[in-house]
Amino acid sequence: MKNERQPVAKMRPDGATEYRCRACGGLCEPHYSFLGFIDHLIRDLSVRTHPLLQQPRLVGDDDIWYQIPGSTKLLPGLPGYDPHVPEWKELLAPKQKIHPQAQVFLPDIGDWLAMALSTLNDLSELKSSNVTTAELLVSIVATTADNFKEQKEYLLRHSAHLEQTGTDPKWLAKPGNQARFVAHSMAGARWGLTTSTSREMIRRTTAAERKEALTQLNITARTARANWWLPDELQTEN
Ligand SMILES: [Zn+2]
């Protein structure tokens, strides 16, 4: 069999994007939500690399529990990834706000948000950070076109973070920078990361860490910087 790169995303005739997990191969259903797909990958990656999940035990016919290494304590199963459920919270180290297996995808979530935000020309009119900018930011995001519906819903669901972004003293006023700034500030909102922590974590995530994670998940990007989660027809070489 030829060792061909298998894309994770493809465009369907109706315009929707279909995502497939290459780690599960044909064993799992396709995903039609980007964030749902990322959550699936976070779970797959955690099962492979999280130190507390390396001693699975089969319980009954098909339940998998995880024995905590060095103890007799068992984690009774693992639901789908959700940073807010107790099973996943238990897998955080003290003071850790986000699982490293999720942090590695923050740049992707940032880029995915930037793709939608960069279509909003009014963003470049926001020159400085203040309360007015915060309010305008929310109303501009509300005008996002339907082809970026998932991004729009995510941003508006975390409108308090959006307002925090609008009053962030580091606001980048240069036209064209705002979309990326807002996107990277908002990527960690779901984990309760402040706008500056979200940007900082994206900066600190190295290309080597990301490559290692993608390799674990059987994902081969066409180029080192390619957005591997975009359908081929939307990818650009840069
Ligand atoms: Zn999978």
Qualifying residue in segment 163-171 (condition: farther than 25 Å from Gln101 by Cβ, more than 16 Å from the ligand (Cβ to nearest atom), of a type in the set (Ser, Thr, Tyr) and surrounded by 20 or more Cβ atoms within 10 Å (Cβ to Cβ))
yes
Of all residues in segment 188-214, which are among the β-branched types (Val, Ile, Thr) and either within 12 Å of the chain's Cα centre (by Cα) or at positive phi (or both)?
Ile202
Check off (1) at pLDDT 95 or above; (2) small (Gly, Ala, Ser); (3) not in a helix (DSSP H, G or I) for Ser128 and give me the number that stays unchecked.
(1)
Flag for Arg157 being of a type outside the set (A, V, I, L, M), more than 16 Å from the ligand (Cβ to nearest atom) and surrounded by fewer than 14 Cβ atoms within 10 Å (Cβ to Cβ)
yes
Given the conditions (1) surrounded by 12 or more Cβ atoms within 10 Å (Cβ to Cβ); (2) out of contact with any helix residue (DSSP H, G or I) (no Cβ under 6 Å at 6 or more places or on another chain), report the number of the one that Ala134 does not fulfil.
(2)
Show the residue pairs meeting these rules: Cβ distance below 8 Å; 6+ apart or different chains; first residue within segment 23-46 and more than 18 Å from Arg190 (Cα to Cα) and touching a residue at least 40 places away in the same chain (Cβ under 8 Å); second residue part of a loop (DSSP other than H, G, I, E, B) and near the ligand (Cβ under 8 Å from one of its atoms).
Ala23/Leu217; Asp44/Cys21; Asp44/Ala23; Asp44/Cys24; Asp44/Leu217; Leu45/Leu217
Residue that is surrounded by the fewest Cβ atoms within 10 Å (Cβ to Cβ), among those in segment 81-119 that are charged (D, E, K, R) and in a loop (DSSP other than H, G, I, E, B)
Lys95
Has segment 68-78 got any residue that is under 23 Å from Phe37 (Cα atoms) and in a loop (DSSP other than H, G, I, E, B)?
yes
Quick check on segment 152-169: of everything there that is touching a residue at least 40 places away in the same chain (Cβ under 8 Å) and closer than 13 Å to Arg190 by Cα, which residue is nearest to the chain's Cα centre (by Cα)?
Tyr154
For residues that are farther than 18 Å from Pro100 by Cβ, within 11 Å of the ligand (Cβ to nearest atom) and assigned to a helix (DSSP H, G or I), scanning just segment 8-46, find the one that is modelled with the lowest pLDDT.
Gly26
Do we find that Arg48 is within 18 Å of Glu209 (Cα to Cα) and surrounded by fewer than 16 Cβ atoms within 10 Å (Cβ to Cβ) in this structure?
yes
When you go through Glu200, Glu209 one by one, which is the residue that is in contact (Cβ under 8 Å) with a residue 12 or more places away in the chain, within 20 Å of Gln101 (Cα to Cα), among the acidic types (Asp, Glu) and surrounded by fewer than 16 Cβ atoms within 10 Å (Cβ to Cβ)?
Glu209
Looking across segment 47-71 at residues that are touching a residue at least 12 places away in the same chain (Cβ under 8 Å) and among the polar types (S, T, N, Q), the single one that is nearest to the ligand (Cβ to nearest atom) is Thr49
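The values are calculated or read from the model by the stated rules, or taken from the named source; none is laboratory data. Model, not experiment: these values are computed from the prediction. Virtual Cβ from ideal backbone geometry, glycine too; neighbours counted across all protein chains shown.
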